[in-house]
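For reference, the structure discussed in these notes is given below.
No lab work stands behind these numbers, since they all come straight from the coordinates. Fair warning: this is a prediction, and the values are worked out from it, not measured in the lab. When we count neighbours, we look across all protein chains shown, and the Cβ atoms used for this are built from the backbone with ideal geometry, even at glycine.
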Amino acid sequence: MTGDLLLSTSFEHLLCCHHCKGTYLHQYKYEIFDRAEDVREGNHVVVDGSDVTINRSMEGNPSARRDGLKIYFTCEGCEQNPTLLITQHKVQTFLQFE
């Protein structure tokens, strides 16, 4: 993890927008991908406001082989829409912005 992703204060760690480095990010949508290793189908759950959809497609999974998570944001500072990707590979968890 790099300093570009988090801002550390004495009490907490704040997620930073990778466009403007601001910390005022609003979450608005979530995608969860759950599957066994290298399996083509699994559970794909999308929560977008009050709408929830569930299907078996792994299309859009940020992980090539395992589970993945996407958290969609809007940034107050620059009005961009960064997406945080959380993936797993060989028992390690990776965080990156898309």
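Side notes on the structure shown:
- Region 16-39 residues that are in contact (Cβ under 8 Å) with a residue 60 or more places away in the chain, paired with ones that are assigned to a strand (DSSP E or B) (beta carbon under 7 Å, 6 or more apart): C17/L25; C17/C75; H18/F97; H19/C75; C20/C75
- Taken over region 10-39, the criterion of being surrounded by 13 or more Cβ atoms within 10 Å (Cβ to Cβ) and within 14 Å of the chain's Cα centre (by Cα) is satisfied by L15, C16, C17, H18, L25, Y28, K29, Y30, E31, I32, F33, D34.
- Every residue from region 20-77 that is more than 30 Å from S8 (Cβ to Cβ) and charged (D, E, K, R): D34, R35, E37, D38, R40, E41, D48, D51, R56, E59, R65
- Filter result for G22 (out of contact with any Phe, Trp or Tyr (no Cβ under 8 Å at 6 or more places or on another chain) and closer than 23 Å to D4 by Cβ): yes
- Taking the criterion of being without any contact (Cβ under 8 Å) to a residue 60 or more places away in the chain, within 17 Å of the chain's Cα centre (by Cα), under 29 Å from K21 (Cα atoms) and assigned to a loop (DSSP other than H, G, I, E, B), the residues of region 40-88 that qualify are G49, G60, N61, P62, S63, A64, D67, N81.
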